[in-house]
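Colleague: Before I ask anything, here is the structure I am working with.
The values are calculated or read from the model by the stated rules, or taken from the named source; none is laboratory data. Being a predicted model, the structure only gives us computed values, none of them experimental. Cβ coordinates were reconstructed from backbone atoms using ideal geometry, including for glycine residues, and neighbour counts include every protein chain displayed. These area figures cover heavy atoms from the full protein model, side chains too; ligands, DNA and RNA do not enter into them. Shrake-Rupley method; radii C 1.70, N 1.55, O 1.52, S 1.80 Å.
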Amino acid sequence: MNQQEIKDLRESELDAVCVNENEHSHPMWYNIKYVIIGILFGIVFTKAEVISWFRIQEMFRLESFFMYGVIGSAIFTSMISILIIKKFKIKTINGEPIKLADKKFNKGNIYGGLIFGLGWAMTGACPGPLFAQIGTGATVIVVTLFSAILGTWVYGKFRDKLPH
């Protein structure tokens, strides 16, 4: 990757909108596989108690290793996957190269992480399993979902004024 591509990639990472430059178009029903995988993922999270408010509270009270083990295994799996992608120059299913830009540290990550962690500890939910929690009947999580959407909107509104 040349310097201009790296600069372009870093700038595009700041975009709040996900842009798929792929030229392929598919009928709407083609995406049903993602709905099915999402439902299966929600079932696995529910059965494994990863979305359990009680398990999340245990983690933040340092009473149980369970959630740290789940998060740690996800980080380890991601590290190995990225190493394999980089080493073997794996491409997307459509043959496009996978570009991973190096990340620079900035203090905005600390502030964002603290806000995220505080919200996670207070609500017992992070954005990933919100819909699975609602699906299990924990309808009070709708408030958390609304707050996550509002927080995303606020970030988008004030993004230019925030440290990046």
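Colleague: Just for region 44-53: of the residues that are free of Cβ contacts under 8 Å to residues at least 24 places away in the same chain and part of a helix (DSSP H, G or I), which one is most open to solvent (accessible area, probe 1.4 Å)?
Modeller: So, considering only residues that are free of Cβ contacts under 8 Å to residues at least 24 places away in the same chain and part of a helix (DSSP H, G or I), the one most open to solvent (accessible area, probe 1.4 Å) is K47.
Colleague: How many of the residues making up region 32-86 are β-branched (V, I, T) and touching a Leu at 6+ places or on another chain (Cβ under 9 Å)?
Modeller: Adding up the residues that qualify gives 3.
Colleague: Here is a follow-up. For D160, only one of the following conditions fails: (1) under 23 Å from V35 (Cα atoms); (2) free of Cβ contacts under 8 Å to residues at least 24 places away in the same chain. What is its number?
Modeller: (1)
Colleague: Does G112 satisfy the criteria of being on the phi < 0 side of the Ramachandran plot, small (G, A, S) and surrounded by 14 or more Cβ atoms within 10 Å (Cβ to Cβ)?
Modeller: It is true that G112 is on the phi < 0 side of the Ramachandran plot, small (G, A, S) and surrounded by 14 or more Cβ atoms within 10 Å (Cβ to Cβ).
Colleague: Do any residues in region 120-148 that are under 14 Å from I51 (Cα atoms) have Cβ atoms under 6 Å from those of residues that are outside any helix (DSSP H, G or I), where the two are at least six apart or on different chains, and which pairs are they?
Modeller: W120/C126; P129/I51; A132/I51; Q133/I51; Q133/A125; I141/A125; T144/A125
Colleague: A further question follows. Applying the selection to region 121-153, what residues are among the aliphatic types (A, V, I, L, M), open to solvent by less than 60 Å² (accessible area, probe 1.4 Å) and assigned to a helix (DSSP H, G or I)?
Modeller: The answer is A121, L130, A132, I134, I141, L145, A148.
Colleague: With the requirement that a residue be part of a helix (DSSP H, G or I) and either open to solvent by less than 90 Å² (accessible area, probe 1.4 Å) or under 21 Å from E58 (Cβ atoms) (or both), what does region 97-109 give you?
Modeller: G108
Colleague: I would also like to ask the following. Against the definition (touching a Pro at 6+ places or on another chain (Cβ under 7 Å) and open to solvent by less than 100 Å² (accessible area, probe 1.4 Å)), how does N94 come out, yes or no?
Modeller: no
Colleague: Then there is this: Under the condition of being without any contact (Cβ under 8 Å) to a residue 24 or more places away in the chain and aromatic (F, W, Y), which residue from region 55-82 is surrounded by the most Cβ atoms within 10 Å (Cβ to Cβ)?
Modeller: Checking each candidate, the answer is F66.
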